[in-house]
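The values are calculated or read from the model by the stated rules, or taken from the named source; none is laboratory data. The structure presented is a predicted model; accordingly, all values stated were derived computationally and were not measured. Because the Cβ atoms are built from the backbone with ideal geometry, glycine has one as well, and the counts that use them run over all protein chains shown. Side chains included, ligands, DNA and RNA excluded: accessible areas come from the protein's heavy atoms. Shrake-Rupley method; radii C 1.70, N 1.55, O 1.52, S 1.80 Å.
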2 protein chains.
Amino acid sequence: MNNKELQSQRMKRYFIDAAKEILAEDGVKKLSVRKVGDRAGYSYATIYNYFRDVNELLTYCLADMLEDAYRALIAEKEEGLDPRVQLIRYGERYFSYFSENPVLFQLLFIEDLGTEPEEVTEKMGDLPSVGQLLIESIAACAMAGYILEDEVEVLAELIASSIHGKLLFVLKRRSLESQDVVLKKIRSEIRYLIRRKR
Amino acid sequence: MNNKELQSQRMKRYFIDAAKEILAEDGVKKLSVRKVGDRAGYSYATIYNYFRDVNELLTYCLADMLEDAYRALIAEKEEGLDPRVQLIRYGERYFSYFSENPVLFQLLFIEDLGTEPEEVTEKMGDLPSVGQLLIESIAACAMAGYILEDEVEVLAELIASSIHGKLLFVLKRRSLESQDVVLKKIRSEIRYLIRRKR
DNA sequence: ATAATGAATTTAACAGTGTTAATAATATGA
DNA sequence: TCATATTATTAACACTGTTAAATTCATTAT
């Protein structure tokens, strides 16, 4: 019966949207199943008819947020742009997007949501890995002669992990620096790494 | 009355040690004030006579762990060693120490323990910042002619945040790579970054 | 239309959490 | 030894996620 499936999807959507609202307003820590049920207009126990547990619900939220994140990142793509400039744009956008969406960072990198349901893993796997765009444009930098072919791998790792490290510091306020200052650092780091060695 | 102070210190120590044991065995998430009280041989409520809340207790645990961490790191210092080799050792040890002590990473970078009590902030501030050693040996690399003076800052930032980024991935098992593989990456990254540009 | 069956939802309950106020036990000083 | 502080414990509160039982609702058959 396909109606069942449709209705089930809608119910899930109510809870997911309610959860996303609460996440945006109060953060991960202050979310509770009772709040989600309340906001969705149902009892808290109803949630368990549609999700295995609260982690599964949060995983669906994460998948949603990842789609948005990917769209925001890919919007920075500009055909014909110098690959070095393109790379810097990706790096900046990647960092600033997580800065502005700390809940996404929390759910993706910090929180332990356990084994994701297949449906969501697919969704997340189908999207080119967020870091993939970085790698592509670094490869393009090699093609353009900025760097050597055999530098691509190490540089990709370096830039990606550096950005993630800075995100960790900024979002967990271990760093006192403003996001602006860190953004500049990312720019200058990439400029430093991607240039013809004389 | 100085006896009071001494007794209070001892009581704190009982709870701190009990908490550290539980942290080592079960991790941060499974720790509870009732377990700590049990293990320390007191009622759970007694804890609140010595600590403002559980976060304060955890902050004391963190301070303890940081002392050990600093000792482990500084043990890698070897006078007269080539600064590039010294830097690689620091990087490796820094990474592997957190890998082997994920609770330390959790408490230091992930968990939000709120405003630390002054007593502990001092303790942590007195210790040369853990990353400080890295910076020193990078500066030494400049002195030795491996890199230019004006590269020190960007390289220090780059190496530090890269290691933290990798730690985040490994410890939150976002990365499927073994710690061994990541360790090799750290080595090769530092080797790549610290060398005379021809 | 009415009764019966099955599905969806809610209420009640459980075991756990951190924290606080009132009570019990202990140690201190006169 | 008795009165007074100090310290420790018990009981309680307001939460949390989760499950089982009870209830409501919708659909189908008579």
I'd like the orientation of helix B:54-74 relative to chain B: the angle between its Cα long axis and the longest Cα principal axis, in ° from 0 to 90, rounded to 10.
40
With springs connecting C-alpha atoms under 10 Å apart, model chain B as a Gaussian network and identify which of B:Asp64, B:Asp82, B:Asp180 has the largest mean-square fluctuation.
B:Asp180
Taking a probe of 1.4 Å and leaving out DNA, RNA and ligands, the stretch B:1-51 shows per residue an accessible area in Å² of 67
Which of B:Tyr60, B:Tyr42, B:Tyr90 fluctuates most in a GNM of chain B (C-alpha springs under 10 Å)? That residue is B:Tyr42
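Using only C-alpha positions, report the orientation-averaged shadow area of the convex hull of chain A, nm², one decimal. Intermediate values should be presented prior to the final figure.
Numbers: hull surface 53.8 nm².
Over every viewing direction, the Cα hull of chain A projects on average to 13.5 nm².
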Using only the alpha carbons, work out the radius of gyration and Dmax of the stretch A:13-117 in angstrom.
16.4, 54
Which residue is it, in chain B, whose C-beta lies closest to the B-to-A rotation axis, and what is that distance in whole Å?
B:Gly165, 2
Angle check, please: helix B:152-171 long axis (alpha carbons) against the longest principal axis of chain B (alpha carbons), in degrees 0 to 90, nearest 10.
50
At 10 °C and 1.306 mPa s, the Stokes-Einstein diffusion coefficient in µm²/s for the stretch A:1-49, with hydrodynamic radius from the Kirkwood sum on alpha carbon pairs, is 143
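Treating only the Cβ of Lys, Arg, Asp and Glu as charged (+1, +1, -1, -1), what charge dipole size does the protein assembly as shown show about its Cα centre? Round to the nearest 20 debye. Before the final figure, lay out each step's value.
Numbers: 58 positive and 66 negative charges, 15 e Å.
The calculated dipole for the protein assembly as shown is roughly 80 debye.
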I'd like the orientation of helix B:2-26 relative to chain B: the angle between its Cα long axis and the longest Cα principal axis, in ° from 0 to 90, rounded to 10.
60
Cβ-derived FRET efficiency at R0 45 Å, A:Asn2 paired with B:Ala24, nearest 0.05
0.30
Quick one: buried accessible area between B and A, total over both chains, 1.4 angstrom probe, nearest 100 Å²?
2800
Give me the percent of the accessible area of the stretch B:54-193 that comes from carbon and sulfur atoms, probe 1.4 Å, all protein chains in place.
52
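How high is the relative contact order of the stretch A:1-51, given as a whole-number percent (alpha carbon pairs under 8 Å, six or more residues apart)?
Working: 33 pairs, mean separation 17.4, N = 51.
Over the stretch A:1-51, the number comes to 34 percent.
So, with a 1.4 angstrom probe, what is the percent of accessible area on the stretch B:1-51 that is carbon and sulfur?
46
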Could you check which residue among A:Arg174, A:Arg71, A:Arg13 shows the biggest mean-square fluctuation in a GNM of chain A with a 10 Å Cα cutoff?
A:Arg174
Using amide H atoms built 1.01 Å from N in the peptide plane, name the residues 5+ places from B:Ser32, or on other chains, whose amide H lies under 5 Å from its own.
none
Threshold 40 Å², probe 1.4 Å: give the residues of the stretch B:84-112, in number order, that are less accessible with all protein chains present than with their chain alone.
B:Phe109, B:Ile110, B:Asp112
For the protein assembly as shown, place one equal point scatterer on every Cα, skip the solvent, and apply the Debye formula. What is log10 of I(q)/I(0) at q = 0.07, 0.08, 0.10 Å⁻¹?
-0.40, -0.52, -0.79
